[in-house]
Amino acid sequence: MLSYHSSMAIQLKNIVKSFGDRTVLDGVNLYLASGDRAGLIGPNGCGKTTLIRIISGHEEKDSGLLSLPGENFLLGHLEQFTDVEPGGTLFSEAMRGAGKLQRMEARLRELEERMAGDNPDDVRAAGNEYSDLLQKFEQAGGYTFETEVKSILTGLGFREFDWGKPAEGLSGGERTRLALTRLLADKPDFILLDEPTNHLDLPAIEWLEATLKNFDGGYLIISHDRRFLDSSCPVLFELEGGKISRYTGGYEGFLKQKAEKLERERKMIDAQEKEIKQLKKFIARWSKDKLKASMAMSRKKKLDKIEASMVEESKHDRAGMHLKFESSVRSFDEVLTLHGIQKSFSDTPLLDNVSFSVRLGDRLAVIGRNGTGKTTLLRMMIGEIEQDEGEIWWGERTVRGYFSQTMEELDLDNDVISELLRLGRGVGVQEGRDLLGRFLFSGDDTEKRVGDLSGGERSKLMFAILLTRKSNCLILDEPTNHLDLPSLEILEEALQEYDGTLVFVSHDRAFIDRLATNTLELGDGKARMYIGNYSDLLYRKHQEKFAREEAGKYQRQLELESDKRDRARQKRRKKSHRSRDTGSQEGRTVGKSPENVMGEIELIEVQIRTLEEELNQPEVYMDFEKAGELSRVILSKKSERDGLFKLLEESME
């Protein structure tokens, strides 16, 4: 049953949904006020997407009550915006997201024509409607919606030269970003999003976070991006075992409250098991005693009641996949070197003179906007595609293991166990079944067709295959994309314990921060290496920005002082008609030959180079105040050098 009500809230009462004999939603109750900002988490297959589709009207519930605000309430769901019109471009399709405003604008034009008519009554009626509609149009941003659409496209990583692309030719990830653009442009009262960060690069994720902070309405978002959940979702709902639980404080708050809940459940289970043991002992001893049989019967009823209502152990505390990467042999210290790598597609440069090295034990995160060549770089490393120029050297005894984000090496028509035996190394049938069991493929699951597996299940199969190869260098392309939060954290722990070398592409900031020892950022064809993880990279960039701003302020101050000196010098010249050698600063060259002045300039340049080398040391640029002070000294030296050059030129005229 669907109903509308006057309060601005979404309410679900006792929602039940089953697929065959499997119940995914079992009496779910949920209340979402219009301004609530909530995340929805839970294991893969628990029914998160089903719940959102029921709220949006794209899926029918079996029973229960769904209650939405009045019919003027605009509910936005990404699935509504995935269609594209034949012949449309990326920009024209994005503008369809502002359809409500476009319809209002078209109606205003119609009313303007009526207001120019001859019928006084019609003119008056059109004028009244026009006045009301114009106010709504202005309040909704009617005069700026095209600019807003362009801003959203840019924020989600579309460059201006992409806007004319045929929409029908967009990739799946581009279509998802286009749908998100249209949804945000539509300005709904409440948004439903299912894994919105999956096809976004890091700048786009951070842009979306900032946009959601300024969003006037509410939202419910499915996500496994912990940093995103912490930033955007102060309330989290966990769907588990068909039931839903509410937590506050973002993902960090969820972890703490969940641990406390599990501890309470454990203590309650222990107490119940202890009481059951005592009751069973009493019943066994006295059930045949005529004097105490009634007491034993009473205890039996109590036992039945306790067992019927016994707290179920949380599924969160049950076994997850078991993952442990092992190396068959230790590689040499020099694992990988790239020198002068060039790569272009259709005469468009992608990577230009990229050089870096990877040593034993390094954990290198590769980041960058979509389209900057991250996957291309990894595929060149493993020899799947050739570089145009440059060299790639692998160290001796390096055994590579590659995880592709598309998992295209999997044969979709094969069954799970056959695919493990085909792609794995040195695995027999029983050993393969035991290994798959560690990844939660049990019994008939091992006979499933690979093409029928979910994205998360395919990822687990690929990790099982990787385990058999015992690689000492893992190259992983977006390994977290299809994993739920429990599996993601198990993967993190396994990679932290891994004794080999790791190169990985990811847009999960928490994942990068827990693993990376170095971070390689790609952009504009170039590659820049940072020491540390993603947070370290942001700190370094913040310091560089601060140093630039401080240097800019200092440079402007020097320019003002120079202007003052120039004006003062001009006044002195007019009064005294003396030669150019007079004046406070010019005096520095009096009695000095041009050779002596040049020697002074060279000495200052040596000082500048020494200071710049010092600024590039990690212990300096990581020190916020020291880096700023050093930048100011360098600018002062450069100003002193430039002044000497100027005076030298004047003295030689």
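Points to keep in mind about this one:
- Unique residue being closer than 21 Å to LEU630 by Cβ and at pLDDT 90 or above when the list is LEU515, LEU520, LEU537: LEU537
- Conditions (1) closer than 30 Å to ALA365 by Cα; (2) open to solvent by 20 Å² or more (accessible area, probe 1.4 Å): number failed by ASP186: (1)
- Within the stretch 359-368, the residues that satisfy the criterion of being under 17 Å from ASN472 (Cα atoms) and under 25 Å from the mean Cα position of the chain (by Cα) are ASP362, ARG363, LEU364, ALA365.
- Residues of the stretch 72-111 satisfying the condition of being under 30 Å from VAL123 (Cα atoms) and either charged (D, E, K, R) or open to solvent by 20 Å² or more (accessible area, probe 1.4 Å) (or both): ASN72, LYS100, GLN102, ARG103, MET104, GLU105, ALA106, ARG107, ARG109, GLU110
- Set LEU303, LEU279, LEU291: member being crowded, with 17+ Cβ neighbours inside 10 Å, over 52 Å from the mean Cα position of the chain (by Cα) and at pLDDT below 90: LEU279
- Whichever residue in the stretch 218-243 is more than 25 Å from ASP513 (Cα to Cα) and open to solvent by less than 10 Å² (accessible area, probe 1.4 Å) and, among such residues, is modelled with the lowest pLDDT: GLY242
- Residues considered: GLY76, GLY155, GLY97. Of these, the only one that is modelled with pLDDT under 85 and closer than 30 Å to ALA204 by Cα is GLY97.
- Qualifying residue in the stretch 488-506 (condition: over 30 Å from GLU396 (Cα atoms), in contact (Cβ under 8 Å) with a residue 24 or more places away in the chain and either charged (D, E, K, R) or part of a helix (DSSP H, G or I) (or both)): yes
- Enumeration of residues in the stretch 108-141 that are hydrophobic (A, V, I, L, M, F, W, C) and part of a helix (DSSP H, G or I): LEU108, LEU111, MET115, VAL123, ALA125, ALA126, LEU133, LEU134, PHE137
- Filtered residues of the stretch 51-73 (kept if touching a helix residue (DSSP H, G or I) at 6+ places or on another chain (Cβ under 9 Å) and part of a loop (DSSP other than H, G, I, E, B)): HIS58, GLU59, GLU60, LYS61
- Residue count for the stretch 56-71, restricted to those that are touching a Ser or Thr at 6+ places or on another chain (Cβ under 8 Å), surrounded by fewer than 17 Cβ atoms within 10 Å (Cβ to Cβ) and not hydrophobic (A, V, I, L, M, F, W, C): 4
- Considering only residues in the stretch 553-578 that are open to solvent by less than 70 Å² (accessible area, probe 1.4 Å) and closer than 17 Å to GLU649 by Cβ, the one that is modelled with the lowest pLDDT turns out to be ARG569.
The values are calculated or read from the model by the stated rules, or taken from the named source; none is laboratory data. Note that the structure is predicted; figures quoted are calculated from it, not measured. Positions of Cβ are backbone-derived with ideal geometry, glycine not excepted, and every protein chain shown enters the neighbour counts. Remember, those area values only see protein heavy atoms, side chains included, never the ligands or the DNA or RNA. Shrake-Rupley method; radii C 1.70, N 1.55, O 1.52, S 1.80 Å.
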